[in-house]
1. B:T299 to A:E303: FRET efficiency via 1/(1 + (r/R0)^6), r the Cβ-Cβ distance, R0 35 Å, to the nearest 0.05?
2. In Å and on Cα atoms, what radius of gyration and Dmax does the stretch B:59-137 show?
3. For the protein assembly as shown, what is the charge dipole size about the Cα centre, in debye to the nearest 20, if Lys and Arg each add +1 at the Cβ and Asp and Glu each add -1 at the Cβ?
4. Helix B:287-307 versus the longest principal axis of chain B: what is the Cα-based angle in degrees, 0 to 90, to the nearest 10?
5. In µm²/s, what is D for the stretch A:250-407 at 37 °C and 0.692 mPa s, where D = kT/(6 pi eta Rh) by Stokes-Einstein and Rh is the Kirkwood radius from Cα pairs?
6. If you line up the long axis of helix B:2-15 against the longest principal axis of chain B, both from Cα atoms, how many degrees apart are they, to the nearest 10?
7. Arranged from highest to lowest average of other beta-carbon atoms within 10 Å per residue, in what order do the peptides B:300-309, B:332-341, B:74-83 appear?
8. Among B:M318, B:A268, B:G218, whose Cα lies farthest out toward the positive end of the dipole of the stretch B:208-320, if unit charges sit on the beta carbon of Lys, Arg (+1) and Asp, Glu (-1)?
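The values are calculated or read from the model by the stated rules, or taken from the named source; none is laboratory data. All values reported here derive from a predicted model rather than from experimental measurement. Reconstructed Cβ throughout: ideal geometry from the backbone, glycine too, with neighbour counts over all protein chains shown. Only protein heavy atoms, including side chains, enter the accessible area calculation; ligands, DNA and RNA are left aside. Shrake-Rupley method; radii C 1.70, N 1.55, O 1.52, S 1.80 Å.
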Number of protein chains: 2
Amino acid sequence: MKDRAQNAIAECLRLAAFTEEPGRITRRFLTPPMQGVHGRLRERMKELGMSVTVDAAGNMRGVWQPEGASKKRLVIGSHVDTVPDAGAYDGVLGVCLGLELVQIAAERKITITIEVIAFSEEEGVRFSVPFIGSRAVAGRFDGALLSLIDAEGVTLEDAIRDYGLDPAKIAEAELDEGAVAVLEIHIEQGPVLESEKLSIAAVTDIAGQTRMSLLFRGHANHAGTTPMHLRHDALAGAAEWIAVVERLARETDGLIATVGKIEVDPNAGNVVPGVAAVSLDLRHSSDSRRAAALEMLLTRANEIARRRNLRFESKRLMDQAAVPMDERLTTFLVEAMEANNLPPRRMPSGAGHDAMVMAARVPTAMLFLRSPGGVSHHPDEAVREEDVENVLRVASTFIERIAADLK
Amino acid sequence: MKDRAQNAIAECLRLAAFTEEPGRITRRFLTPPMQGVHGRLRERMKELGMSVTVDAAGNMRGVWQPEGASKKRLVIGSHVDTVPDAGAYDGVLGVCLGLELVQIAAERKITITIEVIAFSEEEGVRFSVPFIGSRAVAGRFDGALLSLIDAEGVTLEDAIRDYGLDPAKIAEAELDEGAVAVLEIHIEQGPVLESEKLSIAAVTDIAGQTRMSLLFRGHANHAGTTPMHLRHDALAGAAEWIAVVERLARETDGLIATVGKIEVDPNAGNVVPGVAAVSLDLRHSSDSRRAAALEMLLTRANEIARRRNLRFESKRLMDQAAVPMDERLTTFLVEAMEANNLPPRRMPSGAGHDAMVMAARVPTAMLFLRSPGGVSHHPDEAVREEDVENVLRVASTFIERIAADLK
């Protein structure tokens with residue numbers, strides 16, 4: 001297992017060389033370096049005796065069907081696009097581990113068909129829309145997406161064509177009925193497992209998410225000539241509300257709330273702020289608790305604005321329901337963790353993943369590996385070899401269980 | 001008096017036409033429109049029988065010396081430069097009123113020499129340094145200022161030469177011993193008099209001022225994957241401190257504190273803020289109370305940072321002591337207000353003025369007029385005719401008192 005773990009890590013580092021920017025890992029959807037990744041993955045898949053195709057959405061798909069195995073199959077996958085100046089493991093590791101798991105299954109002579117998918121697009125960098133790859137595989141690709149335009153003025157449709165694929169065939173990328181389960185393995189991208197000194201966790205759900213923009217509007221006044229009691233300070237109002245947001249999230253189990261962005265006008269040291277615009281990012285595994293938190297925060301914002309003689313406006317930018325992972329598969333994962341003497345940690349994912357899109361189509365489960373320092377989307381992103389070994393052990397046990405189940 | 005008030009207002013509006021930008025009032029130090037202002041002021045001064053000069057710092061100075069008056073004189077002045085997109089009264093009104101007061105003194109046959117000064121630079125727009133005009137008149141002009149460079153790459157020295165003046169003669173701009181008192185009349189630029197339904201006030205002092213930049217540094221983390229208890233949110237820390245600043249200023253008599261500027265990094269809705277940089281502008285008539293407030297705010301910032309595992313840094317950008325106006329002259333003003341049946345309101349000035357610079361050289365006093373809506377540095381800046389009449393009445397009484405005193 002140690003060899004397989006080392007090999008997965010080595011493959012990630014090898015694929016990191018396929019980048020748009022020398023010295024940094026940046027690999028957007030269907031850019032030339034993605035051809036490099038496809039070339040290397042194809043080579044490895046062929047070595048493993050897999051049949052290889054690239055679907056019309058740019059997803060590379062390898063199928064391993066050992067003698068005696070039915071068409072019913074387990075899908076293992078994650079994405080191979082990256083954010084700008086990325087680390088080497090976000091997404092890619094889940095694909096490389098899929099191939100190691102095929103090799104392990106072959107060595108152990110497990111009779112199960114496995115499809116490994118390298119999703120082409122998850123980060124939403126090139127066309128400002130995420131999950132383009134998994135949308136196609138899940139049969140949730142809206143044809144209108146083909147008109148999206150990237151920063152260079154290229155449409156998604158032309159990008160697909162330029163890559164040598166046929167945009168008219170995207171519907172054919174959809175999984176057939178043979179796919180009975182999906183497993184995504186991904187780095188946690190957060191500090192929870194590290195803080196608990198744990199190696200891996202089974203993901204219970206992808207948290208639901210609301211994004212808002214909020215505006216407090218007062219009056220810009222001279223900072224020297226306007227006494228405190230005659231001010232309508234928009235930033236002071238926003239600051240009071242930011243404290244409310246933080247307090248609510250700290251006191252509410254499972255709620256994550258972030259004010260990540262603030263813009264003040266006129267934003268000068270000697271002028272009382274006239275306008276303060278802030279963002280709100282609210283996440284919870286329970287949609288009703290997220291909705292209740294949002295209502296409470298908007299009520300409090302209105303109260304603060306009224307008391308301070310400010311005007312308050314808010315706008316909803318995104319509202320995404322929580323997506324639970326499949327309970328039966330997740331239980332299999334937890335049992336596999338116990339069988340391998342690992343604590344049966346379950347945790348929600350605060351970030352979106354391909355698994356979220358796939359879950360709408362096929363029973364889906366997900367495993368997280370510890371992220372050292374909680375670091376991700378950064379060149380310092382890393383994994384521990386020990387954790388990669390553990391996730392391979394657990395996933396192998398899981399595959400055996402699925403194989404037994406399919407008999 | 002009504003005629004004189006109307007004339008002063010009409011003169012302000014006439015001078016507003018001398019601008020660098022059509023449709024907006026923008027008149028920086030020694031730009032061509034200032035020649036227009038000088039031309040018009042010279043005309044008016046000549047009509048009043050004044051002797052007119054422009055000193056080497058670009059200040060226009062008219063002296064009215066009626067028969068029998070000694071060389072001991074009262075100086076009345078304010079500035080004629082403006083901020084970009086200014087109103088018509090900030091500074092200019094104090095000069096126009098000086099000329100009306102000369103006319104009133106002539107009509108009333110008051111035997112006193114009056115010098116009216118149109119200071120060339122107060123706002124600090126062109127060379128990023130304020131009070132250039134009054135510094136020269138007060139004998140506080142540092143020769144190093146001549147090397148300042150404006151946005152077009154012109155040095156202050158060349159700007160003076162281009163205007164037809166001799167930078168070598170700046171020292172000669174200093175007031176001689178004949179100047180025994182200075183009076184500046186200026187709009188309040190704040191909402192206090194309006195909120196109290198008062199026409200005018202005598203200024204007790206120019207508040208001392210500290211400007212700081214402060215930095216809270218935490219860790220930028222993924223807003224979805226970082227639970228609340230593992231965050232080091234720089235903005236949440238800054239927001240907590242902004243509330244402390246506001247509370248202290250509200251609870252401390254005479255303290256004015258403003259956080260006008262905030263910059264967050266990376267400033268994205270889905271990233272926990274890693275850095276929050278904020279400004280602090282702190283003003284008080286008492287230097288010791290200002291220093292105590294600053295110490296308290298820095299102590300609290302350090303406490304907040306320590307508790308939140310943030311790093312905190314601060315940098316002092318400006319520290320300017322409070323400047324009291326001359327007590328004897330201010331008492332004359334208050335008595336003149338009472339003599340004219342006006343409430344004897346005294347108030348500090350939160351903003352800097354030429355009077356602050358002049359006070360270091362000559363006993364100086366200052367009168368504020370109500371600013372409708374508290375508006376200034378804006379095209380909507382206005383004055384009420386009734387207030388202009390009142391300030392002329394009070395200043396005339398003040399001049400009579402000074403004249404009697406000089407006998």
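1. Working: r = 30 Å, r/R0 = 0.87.
E(calc), rounded to 0.05, equals 0.70.
2. When restricted to Cα atoms, the stretch B:59-137 yields Rg and Dmax of 14.2, 44 Å.
3. Working: 94 positive and 118 negative charges, 264 e Å.
Magnitude of the dipole: close to 1260 debye.
4. Helix B:287-307 sits roughly 20 degrees off the main axis of chain B.
5. Values: Rh = 19.6 Å.
My calculation gives 168 µm²/s for D.
6. The angle comes out near 60 degrees.
7. Details: B:300-309: 16.3, B:332-341: 18.6, B:74-83: 27.0.
Ranked by mean Cβ neighbours within 10 Å, highest first: B:74-83, B:332-341, B:300-309.
8. B:G218
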